[in-house]
Amino acid sequence: MSNVVSEGATARRTRTSRAELALRTVTAATAAGDRPRRVLEQALVFTSAAFVGVYTRAESGDALCLSESVGVPRTLYGLRDAYPLTGRFPLARARRSGQALWLGPDELADCADARRMPAGDLFMAALPLPGDGGGCLLAVTESPGGFDSEDRECLELVAEAVAFPAPIETAHGEELPPDAFSLAMDTGRVEVGDDLLTLFGIGRADFDGKVETLLALTVPEDLPALMSVVEADHMSIGERELEFRVLQPDGPPRWLRLRGRLLPGGEGRPARLVGTVADA
């Protein structure tokens with residue numbers, strides 16, 4: 001009996017670790033615009049979900065709107081493309097409570113939208129995305145018994161990857177992905193990908209490798225917030241996300257989104273801020 005339990009635990013760890021590796025690979029190697037869909041696709045690979053979608057807070061702030069989805073069409077399960085934050089639908093309840101909801105047919109029968117859903121046993125998961133973005137992950141399965149413990153672990157990994165794409169950690173001298181950066185917090189030297197330089201309007205030959213060169217192109221009103229992320233005096237280990245504007249030679253400023261993680265130093269290596277910058 002103990003051998004069976006041990007083998008089951010090993011299989012679960014293997015599946016979860018494979019999902020984590022796949023998500024890190026996807027977030028590292030995929031262009032920013034394609035990344036949300038590629039991340040969600042991993043939920044179809046590693047769980048029994050037939051539909052997975054991300055709902056993000058509307059500009060008005062009073063609703064959650066579908067921003068990306070994979071799997072079968074949402075209409076097959078009677079899902080809407082937007083839900084009010086004050087409603088009783090699982091998405092809104094999960095977002096308000098900050099806790100994941102794992103619902104079976106009985107709980108869904110009491111849902112306000114039950115009449116829109118097809119007959120049969122459906123199971124739904126609603127996971128609030130980590131951070132302050134206000135988004136939520138929604139997954140649906142028709143698998144008997146619903147989402148098992150392995151499915152739930154993998155969906156939690158997907159939710160985290162959607163909210164905080166894993167930053168790139170490269171060996172010294174290794175080429176970075178096009179939208180990635182790696183900033184040494186002790187010297188201010190920064191390695192950047194070609195697409196990131198394009199967003200700032202700088203050619204590779206004209207970039208001197210100093211973070212100050214990029215900061216100088218930031219809209220002055222946005223500079224204090226950006227400095228709070230990249231200055232050593234404000235260091236705290238963990239994820240960070242920020243939207244800011246950069247000046248353009250022709251036209252209005254461009255909004256960019258920085259996502260990254262501060263990694264501690266060690267063994268002669270400085271602490272580094274690593275991540276990506278994308279067009280917001």
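Charge tally around Thr198: other residues with Cβ under 13 Å, Lys/Arg +1 each, Asp/Glu -1 each, net -3. Volume of the convex hull of the stretch 103-145 (Cα atoms only), normalised per residue: 82 Å³.
3J(HN,Hα) along the stretch 43-59, derived from phi through the Karplus expression 6.51 cos²θ - 1.76 cosθ + 1.60 where θ = phi - 60°, amounts to 5, 5, 6, 9, 10, 8, 4, 9, 9, 9, x, 10, 10, 10, 5, 5, 4 Hz, with x in place of Gly and Pro. Per the Kirkwood formula applied to alpha carbons, the stretch 38-166 shows a radius of gyration over Rh ratio, Rg over Rh, of 0.92.
A short reminder: the numbers here are calculations on the coordinates, not readings from a lab. Computed from a predicted model, the values in this text were never measured in an experiment. Positions of Cβ are backbone-derived with ideal geometry, glycine not excepted, and every protein chain shown enters the neighbour counts.
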